[in-house]
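To start, the structure itself, in structure tokens.
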Amino acid sequence: MEIIDLSKGNSIINQYLAEIRDVNYQQNRLLFRNNITRVGEMMAYEISKTLEYETKDVTTPLGVSRVSVPADKIILATIFRAGLPFHNGFLNVFDHAGNAFVSAYREYTDNEHTEVGIHVEYLATPSIDGKTLIIADPMLATGGSMELGYKAFLTKGTPKRIHIACVIATPDGIDHIKKTLPDDKTTIWCAAVDPGMNEHKYIVPGFGDAGDLCYGSKL
Ligand code: PRP
Ligand code: URA
């Protein structure tokens, strides 16, 4: 399985990620969401280079131009709620894509808040059969939400290719995806790989709770 960490090369994504991580920038949710969206746009552009293309003739007012355009049918999938601004970035780039949504939230299962259970409650998706499935979720921590989200989407067909797109991944999350998704057709994309998680399963240094930073705290 290919793992593409975009922070290995210098690009403007590193500036967006620096702001996403910064506790002062985080005070402004609009800026925070906008930076997540911008990482989504850049990552979508990088993924676009890996698609299959076909030629097409386009009639301009002055003649005919032969252009090479993506042939793959793309489904953009995301996991509520933190995935929404990231999904929007992908949709800004792949504006012809189908869209799929699943809800998953983590809840501690012990009093010490060291173990998390994941709840999936909502699924809305077109068929993903034969499509290029891009699942965008900013955090790949334990990998549990991504696994359950992927399995929920799988009930609606078998994708041709799978791109797991996140802003920050952990080595544990990456290993989890390697064990649970098909090796020969999956690529993991991230803007950084952080060293690990704390005892509450938050990524360290990470940036905190993605959903709360986008939309405020929940009960
Ligand atoms: C965040 C994030 C992922 C999940 C990653 O969602 O958007 O879905 O955590 O963690 P995991 O890899 O350990 O499963 P969260 O559960 O905080 O829900 P929210 O989007 O509703 O805030
Ligand atoms: N989910 C988050 O929102 N943040 C983390 O650090 C881990 C999971």
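The values are calculated or read from the model by the stated rules, or taken from the named source; none is laboratory data. In this text, all values refer to a predicted model and were calculated from it rather than measured experimentally. Here the Cβ positions follow ideal geometry from the backbone for every residue, glycine too, while neighbour counts run over all protein chains shown. Accessible surface is based on the protein model in full, side chains and every heavy atom, while ligands, DNA and RNA are left aside. Shrake-Rupley method; radii C 1.70, N 1.55, O 1.52, S 1.80 Å.
Answer yes or no: is there a residue in segment 48-67 that is in contact with a Gly (Cβ under 9 Å, 6 or more places away or on another chain), open to solvent by 40 Å² or more (accessible area, probe 1.4 Å) and in contact (Cβ under 8 Å) with a residue 12 or more places away in the chain. Before the answer, list the steps.
If we filter segment 48-67 for residues that are in contact with a Gly (Cβ under 9 Å, 6 or more places away or on another chain), which is where we start, we get none.
The answer is no; no qualifying residue exists.
Scan segment 206-213 and tell me whether some residue there is of a type outside the set (G, A, S) and within 8 Å of ligand 1 (Cβ to nearest atom). Step through it out loud before you land on a result.
Here is the first cut: in segment 206-213, the ones of a type outside the set (G, A, S) are 207, 209, 212-213.
Narrowing the set further to residues that are within 8 Å of ligand 1 (Cβ to nearest atom) leaves 209, 212.
For segment 206-213, residues of a type outside the set (G, A, S) and within 8 Å of ligand 1 (Cβ to nearest atom): present.
D95 versus (1) out of contact with any Ser or Thr (no Cβ under 9 Å at 6 or more places or on another chain); (2) farther than 28 Å from V167 by Cβ; (3) of a type in the set (D, E): which is the lone unmet condition?
Only one criterion in (1) out of contact with any Ser or Thr (no Cβ under 9 Å at 6 or more places or on another chain); (2) farther than 28 Å from V167 by Cβ; (3) of a type in the set (D, E) is unmet by D95, namely (2).
Answer yes or no: is there a residue in segment 164-172 that is open to solvent by 10 Å² or more (accessible area, probe 1.4 Å), polar (S, T, N, Q) and either within 13 Å of ligand 1 (Cβ to nearest atom) or under 16 Å from E2 (Cβ atoms) (or both). It would help to see each step written out before you state the result.
Our first condition is that a residue be open to solvent by 10 Å² or more (accessible area, probe 1.4 Å); within segment 164-172, this holds for 171-172.
Then drop every residue that is not polar (S, T, N, Q), which leaves none.
The answer is no; no qualifying residue exists.
Scanning for something farther than 17 Å from A210 by Cβ, touching a Ser or Thr at 6+ places or on another chain (Cβ under 8 Å), surrounded by 14 or more Cβ atoms within 10 Å (Cβ to Cβ) and not β-branched (V, I, T), does segment 101-114 turn up at least one residue?
no
Step by step: first the residues of segment 75-100, then only those that are of a type in the set (F, W, Y) and within 13 Å of the chain's Cα centre (by Cα), then the one that is most open to solvent (accessible area, probe 1.4 Å). Which residue is that?
Applying the first criterion (of a type in the set (F, W, Y)) to segment 75-100 yields 80, 86, 90, 94.
Keeping just the survivors that are within 13 Å of the chain's Cα centre (by Cα) gives 80, 86, 90.
Numbers: F80: 62, F86: 0, F90: 2 Å².
So, considering only residues that are of a type in the set (F, W, Y) and within 13 Å of the chain's Cα centre (by Cα), the one most open to solvent (accessible area, probe 1.4 Å) is F80.
Of the conditions (1) more than 16 Å from ligand 2 (Cβ to nearest atom); (2) closer than 18 Å to D72 by Cβ; (3) touching a strand residue (DSSP E or B) at 6+ places or on another chain (Cβ under 9 Å), K178 fails just one. Which one is it?
K178 satisfies all of (1) more than 16 Å from ligand 2 (Cβ to nearest atom); (2) closer than 18 Å to D72 by Cβ; (3) touching a strand residue (DSSP E or B) at 6+ places or on another chain (Cβ under 9 Å) except (2).
Restricting to segment 115-160, give me the number of residues that are part of a loop (DSSP other than H, G, I, E, B) and either of a type in the set (K, R) or open to solvent by 40 Å² or more (accessible area, probe 1.4 Å) (or both).
Applying the first criterion (part of a loop (DSSP other than H, G, I, E, B)) to segment 115-160 yields 115, 125-131, 137-138, 141-143, 155-160.
With either of a type in the set (K, R) or open to solvent by 40 Å² or more (accessible area, probe 1.4 Å) (or both) added as a condition, the list becomes 115, 126-127, 129-131, 155-156, 158, 160.
Number satisfying all stated conditions: 10.
Can you tell me which residues in segment 192-212 are touching a residue at least 60 places away in the same chain (Cβ under 8 Å), within 8 Å of ligand 2 (Cβ to nearest atom) and more than 14 Å from Y105 (Cα to Cα)?
I203, G206, F207, G208, listed by residue number.
Restricting to segment 173-205, and then to whatever is in a strand (DSSP E or B) and within 11 Å of ligand 1 (Cβ to nearest atom), can you tell me which residue is nearest to Y45 (Cα to Cα)? Steps first, answer last, please.
Residues of segment 173-205 that are in a strand (DSSP E or B), as a first pass: 186-190, 192-193, 196-197, 203-204.
Within this subset, residues satisfying the condition of being within 11 Å of ligand 1 (Cβ to nearest atom) are 197, 203.
Values: M197: 29, I203: 26 Å.
In this case the residue turns out to be I203.
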